[in-house]
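Down below is the structure, laid out as structure tokens.
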Amino acid sequence: MQLEVNGQMQNLDAQPDMPLLWVLRDSLHMTGTKFGCGMALCGACTVHVDGQPVRSCITQVSTVAGKKITTIEAMSADAVGRRVQAAWIELGVPQCGYCQSGQIMSATALLKQKPQPNDADIDSAMSGNICRCGTYPRIRAAIKRAAGAGSS
Amino acid sequence: MRLMDDTSVEVINVSRRAFLGTMSAVGLVLAVGCSPRTGTADPPKYGADSMPHGAVDNPLVFVAIGTDGVVTIICHRAEMGQGVRTSLPMVVADELEADWQRVRVQQAPADEERFGNQDTDGSRSVRHFFAPMRRCGAAARTMLEQAAATQWGVPIEEVAAVNHEVVHAGTNRRLGYGQLATAASRLPVPTDETLRLKAPSQFRYIGKGEVRLVDGPDMVTGRAIYGIDSVLDDMLYAVVARPPVYGGKVVSYDASATLKVPNVVRVIEIPGTPPPSEFQPLGGVAVIARNTWAAIKGREALKITWQDGPNAAYDSTTYRAALEQSARAPGEVVRNQGDVAAAMSSAARRVQAEYYIPHMAQTPMEPPAATARIVDGRCEVWTATQAAQATRDRVSKRLGLPFDHVTVHVTLLGGGFGRKSKPDYVVEAALLSQAMNGTPVKVTWTREDDVQHGYYHTVSVEHLEAGLDAAGKPVAWLHRSVAPSIRSIFGPDPQHEAPFERGMGLVNVPFGIPNLRVENPAAEAHARIGWYRSVSNIPHAFAIQSFVAELAAAAGRDPKDYLLELIGPAQRIDPRTMSDSWNYTESPTLYPFDTGRLRRVIETVAKQADWGRKLPAGQGLGIAGHYSFVTYVAAVVQVAVNAKGELSIPRVDVALDCGPQVNPERVRSQIEGACVMGVGNALSSQITFKAGRVEQSNFNNYEVARINVAPRDIRVHLIASDFDVPLGGVGEPGVPPIAPALCNAIFAATGKRIRSLPIRDQLGASQPPANASTS
């Protein structure tokens, strides 16, 4: 099977029902995408498939063959992703940092779809991403900063 | 603290590779050599001295300077979100006069004899190591200054280290740290008495909050490596089917279907450890595979017959009734003053309430995971652990290897919250590698494993009674706390709270009530009980700070004024006079319970939150103050409850007095996060048991705070403090006041008193709302 990850074609020998998460982590050793729940409940594993945020832990790898998969490792090469990462650093968002790959993938997808999200948009797009350290106030502020809307 | 007096320090000129083993070699310098602390007998030990292996302040242990001028500073405490890999090295760098841009941080492996205590828990890292790390940096700075002075042939008094170089002001000569490194490394380490520490006005980084997280860039780009991210050549992946009941074991299993799952390699039984199982694995059946997914699928195909053992009947509903029954009768007296019975009977009015706080699970976003390999009788593990030394110890003992033949590499922790103080998962990985002839094996806990096989926050019933005089002032106070103890995992179940649990806000109530008794009736443990961020302060603060508000309501008084009156005038109370012999292991004279500081955080938060301000119908303010981890915190929560009973939290104000703040920016982030966790604890998190089994399994039914229910606006108000005040803890003290302040706010908003957590549907709507928008 062939998979396009961050613009590179990868040849794989994977079971078709294997979740994309484990292909990324265990087969490709791309560990930036995190395991948190395995049931699309926490968002730690969020990647983009053809630009849409997707929970890779429940996405069978066979369903994304031929599609463009983008992971946290490629966000620095993405204009919006870079803005989000910069806002995360400026506002000191991460604590343990483990969930932040997924948070950044969800936030970047949100900003691509809605460049000026309001609080309800942020709640709706981000409530699937759990942060046990409780960085939510800074995540909200950083999304607004990345959007150029200030951090009120 | 004199830790290094009689050590013979060996100065070795080594490459940086030898310094810690993983850095690229450039010239190199201040290197390794240290000796165990020698204890002198034997007054009571406090602070870092009370912990195993105490503190080390030797710059040869913590600082390496390359000939290229790069300064490498060791962080020996685990990073789990508190920012310690930034804050402690920053302290060293400040005293060293190092340019932070040229500082690298390296994580220490488990080795307490070399680095001092590494138990990253109890909100102790900065509190215990601020002073040693200052001395460490100052000693290294002095060595560089001496090297320059010697080279120039001038007295050391004439030179000064400034921003990564040593300067001779008289002649304007300068030498960079890289140029001085080799000569400096050959000098003796100055004794503590001769060190010149900076005056706080000279600090470059300490207290400023301007240094960014050292791991921040890696964390936002996916490069940060956590325990679960370890990758070794030829590594295999394992998951384990564990007994569904604590103390249960495997009777038999059939792995035939499992072995047909593609990429499954082998199935191995892990022997269990009957209760008390301490940090040892629960046992069960492990599936080893070529990837995690295959291991999970293989586990699903296992057919296992379990014997459930002594906890098979554990049921949270009946257990709660048993705790309540226990709380309604006298129990072991753990503090007593005056005559409570007489005062109660002559009181004008009596008030009574019971509070319930369930089990909770830490559920760090990175579940427990560890990788182990064994080569030539030496075991190496890579893992996220709060307890590096205990991990090394348990692995060596369980494998039957000498302690020196076990290496524990400490990765970043994807959250800890107390779960990763218990290295059972690391022992599992080591046992499986051993069973696979040393092949690297990574054990991953799924979220279901984490929720169902954890070390749970205790479950408790807090029974309170007060007698009020005619003016509504308490003249008698009776508190019975009933909760299974963490000590139950270490030995025969004591059925009573340990001094460290009682000292978390149960006995050390600083109220000026003449007749006061605290009792601790018995409670049996039927699950593994373990530390959960803030530990027993959670139930004690919830009960006491709720009850005070209930007394205020009974007396018709403002809750803030009533709380302050109960605390009374500012005084410094010796904790021993409140039957607290523990005091977070700190000296009772250096760290008395200072009610003036508790008053000040309450007054500050009330002022900042504009306590008493008019709010729309359905909204209310609640206040609570609590002392824990030798830090004083008060919170005001603003809550809004709509007609359907849906709750939102527009704003929380928190005031904190932790003494001096080494990294105020990280202090703020910790308090914000503690507030969010406190809200999640109160709203929705609970673990319940039925037939000995945990009923929850994942984040769909073990619910934690999400962004849509988190307080929209958290304002942290730090009390300024001089650096001569002893430091308090930061990671944990922010949690305990949140739940009572929230429930007090709900009472103010709705008139409904919440005495049982989580709140969930007690207001008529489910909490958290299914898809809330709080805007």
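The values are calculated or read from the model by the stated rules, or taken from the named source; none is laboratory data. Computed from a predicted structure; not experimentally measured. Note: ideal-geometry Cβ built from the backbone for every residue, glycine included; neighbour counts use all protein chains shown. Ligands, DNA and RNA are stripped out before the accessible areas are found, and what is left, the full protein with its side chains, is counted by its heavy atoms. Shrake-Rupley method; radii C 1.70, N 1.55, O 1.52, S 1.80 Å.
Okay, here's what the table says:
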read-out	value
Peptide B:286-294 - average C-beta neighbours from other chains (10 Å radius)	4
Accessible surface of chain B, 1.4 Å probe, proportion on carbon and sulfur as whole %	49 percent
Nearby lysines by direct alpha-carbon distance to residue B:303 (threshold 18 angstrom, same-chain neighbours under 8 apart not counted)	B:249, B:260
Residue-level accessible surface for residue B:547, protein heavy atoms, 1.4 Å, Å²	0 Å²
Sparsely packed GluC sites (Glu not before Pro) within the range B:157-193, loop by DSSP, other Cβ within 10 Å at most 13	none
Candidate residues B:292, B:194: accessible-area rank, largest first, probe 1.4 Å	B:194, B:292
For the range B:231-272 and the range B:165-222, distance of Cα centres in Å	51 Å
DSSP bridge pairs, chain B: antiparallel proportion in percent, nearest 5	75 percent
Averaged over B:708-715, number of beta-carbon atoms from partner chains that fall within 10 Å	5
Area accessible to solvent at residue B:683, 1.4 Å probe radius, in Å²	10 Å²
Average beta-carbon neighbours from other chains, 10 Å sphere, peptide A:134-147	5
Distance (nanometres) between label positions extended 7 Å along Cα→Cβ at residue B:305 and residue A:86	6.6 nm
Estimated FRET transfer efficiency when R0 is 45 angstrom, pair residue B:437-residue B:187 (beta carbons, to 0.05)	0.40
Accessible carbon and sulfur surface of the range A:1-149 relative to its total accessible area, %, 1.4 Å	47 percent
Principal semi-axes in Å for the range A:4-73 [√(5λ), Cα gyration tensor, largest first]	16, 13, 12
Residue B:530 long-range amide H proximity, modeled H, under 5 Å	B:456, B:457, B:458
Pairwise label distance in nanometres, residue B:651 with residue B:256, each label 7 Å out on the Cα-Cβ vector	6.9 nm
Which of B:500, B:490, B:203 is most accessible, then next, and so on - probe 1.4 Å	B:490, B:500, B:203
Selected from A:69, A:12, A:96, residue furthest toward positive end of dipole (chain A; charges at beta carbon)	A:96
With eigenvalues of the C-alpha gyration tensor scaled by 5 and rooted, the range B:403-474, Å	47, 14, 11
Rounded accessible area per residue of the range A:2-73, 1.4 Å, Å²	38 Å²
Accessible area per residue in Å² at 1.4 Å probe, computed on chain B	33 Å²
By accessible area with a 1.4 Å probe, ligands and nucleic acids excluded, highest first: order of B:697, B:481	B:697, B:481
More than 25 angstrom apart: percent of Cα pairs within chain A	25 percent
Gain in span if fully extended, residue B:353 to residue B:154, counting 0.36 nm per residue against the direct Cα distance	64.3 nm
Simple Cβ-charge dipole of the range B:53-152, Lys/Arg +1 and Asp/Glu -1, about Cα centre, in debye nearest 20	120 debye
The protein assembly as shown - share of DSSP beta bridges that are antiparallel (%, nearest 5)	75 percent
B/A buried area, accessible surface, summed, 1.4 Å probe, Å²	4700 Å²
Probe 1.4 Å, accessible area per residue of the range A:75-150, Å²	28 Å²
Within straight-line cross-link reach of residue A:34, aspartates and glutamates at Cα separation under 15 Å, skipping those fewer than 8 residues along the same chain	A:26, A:73, B:218, B:229, B:366
Proximal lysine pairs, the range B:383-498, alpha carbons under 29 Å, eight or more residues apart or interchain	5
Area accessible to solvent at residue A:48, 1.4 Å probe radius, in Å²	10 Å²
Positions from the range A:22-63 whose accessible area shrinks by 20 Å² or more when the full protein complex is built, not the chain alone, probe 1.4 Å	A:22, A:25, A:26, A:29, A:31, A:34, A:35, A:36, A:37, A:39, A:41
Extension gain from residue A:52 to residue A:11, taking 0.36 nm per residue of separation minus the Cα-Cα distance	12.5 nm
Label-point separation in nm, residue B:172 to residue B:99, each point 7 Å along Cα→Cβ	1.9 nm
Where only C-alpha atoms are counted, convex hull volume of the range B:178-240 per residue in Å³	301 Å³
Lysines whose Cα lies under 22 Å from that of residue B:208, excluding same-chain neighbours fewer than 8 positions away	B:198
Rg(Cα)/(2.2 N^0.38 Å) for the protein assembly as shown, N = residue count	0.94
Highest to lowest packing among B:332-341, B:530-539, B:429-438, scored as the average C-beta count within 10 Å	B:530-539, B:429-438, B:332-341
J(HN,Hα) series, the range B:100-107, from Karplus relation 6.51 cos²θ - 1.76 cosθ + 1.60, nearest Hz, glycine and proline x	4, 5, 10, 10, 10, 10, 10, 7
Residues in the range B:460-499 that a label on residue B:342 would reach, taking backbone N under 14 Å of a point 7 Å out along Cα→Cβ	B:476
Distant-in-sequence amide H partners of residue B:507 (H built 1.01 Å from N, under 5 Å)	none
Computed log₁₀ I(q)/I(0) - Debye formula, equal Cα scatterers, no solvent, chain B, q 0.05, 0.07, 0.09 Å⁻¹	-0.27, -0.54, -0.88
Area projected by the alpha carbon convex hull of the range A:75-150, averaged over all directions, nm²	4.3 nm²
